[in-house]
Amino acid sequence: MNWAEAFVQGAVWPGIIVTVVFIVAIAAELLAPRRRLSAGLGWRWGNNFSLAAITWVLSHLISIAVYFTAGTWAAQNGVGLFAEHPDWFWLPLASLLLVSQFFSYVTHRLFHRYPLLWRVHQVHHSDVDLDVSTSYRHHPLEPLVFMPVVTPLILLLGIAAPAAVAYQGINIALTVFAHSNLRIPEWLERGLCKLIVTPDFHRLHHASERRYTDSNYGGIVPWFDYLFRTASHRPYAEQEDMELGLEYHRQPADSRVDRLLLAPLEAPPPAAARGTTA
Ligand SMILES: [Zn+2]
């Protein structure tokens, strides 16, 4: 079986998992919402999913083609740490999880640190509510910035298709979970946020107050936030009233899909400029 065949076969179960998580997360956040949404659902979902479709066509397809080509080349040429063991699953999966989440954490901090990167990433942060649709709200340039980070990892590790696809399934499912407006009991939230990124943990990253926006960078695991002391918490009850989004771009028109696409051309207001703090 070549890499392409394995990818298609290996994509079935993660695809099913991702679809189930997506449907369950939307149903759960509608049935047991953590917060009352402040903006119209139809307006937000229409714009967020429109941007997602554009980002998918313009950007994700290019990224996938590059990753696919790199993975196929690595497998055919025996390149990478696990190239000699294409039948291994758990160790390559754990290695990929650890290494990619570390680089994801570092890249995310750079997005917040450098003004030009922030102009791209602010599109994700300007949503004034947080729910499943926010996890898809990324400017088309954002996945392309990750490409020079992810491609060398594929070549370095030489991960076989089943583990690579399983990782993608876990990554997408946990990213959707982290952005959901799902109410989780306090006792469970308190324990779970040490292990994976929970909705409360990630919602703080979307708070408009800068000290919280620049914390909790972990995508699906919070381990590097605890290690590098960038984790923050607020009392359980305060999550319900805290303001989300940015200190600017707060009007409904700011979330219109054409404005989101053009947002990187415009510098943030001086008071919200990046590069002024670490
Ligand atoms: Zn961010």
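The values are calculated or read from the model by the stated rules, or taken from the named source; none is laboratory data. All of these numbers come straight from a predicted model, not from anything done at the bench. Because the Cβ atoms are built from the backbone with ideal geometry, glycine has one as well, and the counts that use them run over all protein chains shown. All accessible areas refer to the heavy atoms of the entire protein, side chains included, with ligands and DNA or RNA removed. Shrake-Rupley method; radii C 1.70, N 1.55, O 1.52, S 1.80 Å.
From helices alone, the chain scores -18500 deg cm²/dmol at 222 nm; the rule is -39500 (n - 2.57) for each run of n ≥ 4 DSSP H residues, then divide by the residue total. Computed extension length for residue 195-residue 251: 16.6 nm, one decimal, from 0.36 nm per residue of separation with the Cα-Cα distance subtracted. Between residue 36 and residue 209, the contour length at 0.36 nm per residue exceeds the alpha carbon distance by 60.4 nm. The loop-placed trypsin sites (Lys or Arg not before Pro) in the range 177-271, going by DSSP, that have at most 13 neighbouring Cβ atoms within 10 Å of their Cβ come out as 194, 229. For trypsin sites (Lys or Arg not before Pro), the sites in the range 25-107 that DSSP calls loop and that have at most 14 other Cβ atoms within 10 Å are 36. Here the range 14-131 exposes an accessible surface that is 74 percent carbon and sulfur, computed with a 1.4 Å probe and the other protein chains kept in place.
Modelled label positions at residue 64 and residue 258, each set 7 Å beyond Cα in the direction of Cβ, lie 2.9 nm from each other. Please compute the modelled spin-label separation between residue 102 and residue 72, points set 7 Å along Cα→Cβ, answer in nm with one decimal. According to this spin-label approximation, the distance is 3.0 nm.
With contacts taken as Cα pairs under 8 Å at a separation of at least 6 residues, the range 60-272 carries a relative contact order of 26 percent. Multiplying the residue separation of residue 113 and residue 24 by 0.36 nm and removing their Cα-Cα distance gives an extension gain of 28.6 nm. Looking at the chain, the accessible area is 49 square angstrom per residue; that uses a 1.4 Å probe and ignores ligands, DNA and RNA. Once C-alpha pairs closer than 8 Å and six or more residues apart are averaged by separation and normalised to the residue number of the range 176-278, the relative contact order reads 21 percent.
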